[in-house]
Structure formats: structure tokens, C-alpha cells
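Here's the structure, in C-alpha cells; my notes come after.
The values are calculated or read from the model by the stated rules, or taken from the named source; none is laboratory data. Keep in mind that this is a model prediction, so the values were computed, not measured. Glycine also receives a Cβ, built like all others from the backbone with ideal geometry; neighbour counts cover every protein chain displayed.
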Amino acid sequence: MVEQLFCNIDDKSVVYRFESELFQVCTYFLIDQEKVIIVDPGKLNTYVYKWLEQFDALDKIIYITHEHFDHHFDVNILLKFPRTSVYLPSTNFKNAINNSRTNISFYYNMAIETECYNLSEINYFELIETPGHSNYSYCFKYKNILFGGDTVIEKKYLVFKLPGGDKSKFEKSIIKINSKIETNTIVLPGHGNLFCYNKWIL
């Protein structure tokens, strides 16, 4: 099911979450009167697509926190919907999510190659480059919210052993994040429940 997490009173936006059956990836939907921002569309189901129909009249922009396939499993499907585009931070990132070895789907006997043919030039987030969990990891800051991907995530989910993982780079990324966000920031991680950043600081 798609569950409502909270509302932002200042900009009248609402944040929803869907947890995928594939590796329990959390997909987030940040919705206001003008747009739907979709963060990390993992493997969605027919219920989610039916739920999204109510927002057909709004622009939909997809963001992906890192190249691992479970966090962009359904991007190719979503891009077939009208008024839907994806924001990519770099050409290297685009190439990484379109390569089954780089996005590690090859190693799970899948062939996920995300072709982002409809790109958005509008960015609504502050992007924080955070390599460590993977080569091309990002966190996205929006007001008092941080979409943490698999970087700022409950400690039991922290992984550095996958291709591109590097604990020393991760430690530098955390220093960078600490300099950019307030300790009372709400973290929406790639797996697991939301939490306040001051409960997590490493």
C-alpha cells in the first residue's frame, strides 16, 4: 500500500511511501499542487500505478539516489506515462544505471537497463554527492527533509561490500552531509523507517 507519512504545512506538500517487495526499497512520493516528485521507484505494483492515476494532470519528476537497480527498477515503465521525466545529476550516473553490471542487476540474474530518454532540466532538490555505498550515491535535501538513499540509513542496512562500495569515501561523505543539514532534519532512507538525523549521526 501507499502510506502517507506527513504533510509540510509551509508549502502544502504531502509525502507518501511505498515499500517494494524487492529488497524492501522505499519509494517516496512528494506531492504538491503542481508536481509529483518520485524518489527511488523500485519494483512497484498495479496498486501503486492505479493510485498514481489521480495525479495524471501533474508533472512527475523522478530522482534516483544511486545506481543500484533495486532503486530504479520501474523507471522505464514510469517514463511511458504522460508528463513524466527523470532528473539525472551527470552523464556518468546515466551510464551507470543503464549498465547491468554497474547497477549490479547482472549479479542477481536480471538485466535491468534504465534508459532515461525523457530528462528534466528542472531540479527541486539540493543534491549532495555521497560516494561510499556505491560510486554514484547522492542524498537529496528538500527543506527539512533528506532523502538518504542507502547512504543515510539505519545502521543495520549499511553496506559497503557491493561493487563501488568504499568505507573511506563513505566517511568523507558523512562529513560533507554534516556540514549541509541541520541535526533535526527528517531522514527518509532507502530502506526502513524514517528517523531524525540527530538520532543517527555517526
Here is a check on your reading of the model: is ILE38 over 30 Å from ASN109 (Cα atoms) and not basic (Lys, Arg)?
no
Among the residues that make up the range 49-67, is at least one of them more than 23 Å from THR151 (Cβ to Cβ), among the basic types (Lys, Arg) and in contact (Cβ under 8 Å) with a residue 24 or more places away in the chain?
yes
Report, ordered by the first and then the second residue, all pairs with beta carbons closer than 8 Å, sequence separation of six or more or different chains, a first member in the range 10-29 that is acidic (Asp, Glu), and a second member that is surrounded by fewer than 21 Cβ atoms within 10 Å (Cβ to Cβ).
ASP10/LYS143; ASP11/ASP32; ASP11/LYS143; GLU21/LYS43; GLU21/ASN45
Please go through (1) at pLDDT 95 or above; (2) more than 16 Å from the chain's Cα centre (by Cα) for ASN118 and return the number of the only condition it doesn't satisfy.
(1)
Filtering the range 50-81 down to residues that are within 22 Å of ALA111 (Cβ to Cβ) and aromatic (Phe, Trp, Tyr) yields PHE69, PHE73
Exactly one of GLU154, GLU113, GLU126 is of a type outside the set (S, T, N, Q), under 17 Å from LYS176 (Cα atoms) and in contact (Cβ under 8 Å) with a residue 12 or more places away in the chain, and that one is GLU126
Among (1) in contact with a Ser or Thr (Cβ under 7 Å, 6 or more places away or on another chain); (2) farther than 25 Å from ASN99 by Cα; (3) of a type in the set (Gly, Ala, Ser) - the single one SER85 does not satisfy:
(2)
In the range 156-202, which residues are over 16 Å from the mean Cα position of the chain (by Cα), under 21 Å from PHE125 (Cβ atoms) and small (Gly, Ala, Ser)?
SER173, SER179
Of (1) within 20 Å of ASN193 (Cβ to Cβ); (2) touching a strand residue (DSSP E or B) at 6+ places or on another chain (Cβ under 8 Å), VAL36 satisfies all except one. Which?
(1)
Taking LYS43, is it at pLDDT 95 or above, surrounded by fewer than 22 Cβ atoms within 10 Å (Cβ to Cβ), on the phi < 0 side of the Ramachandran plot and in contact with a helix residue (DSSP H, G or I) (Cβ under 8 Å, 6 or more places away or on another chain)?
yes
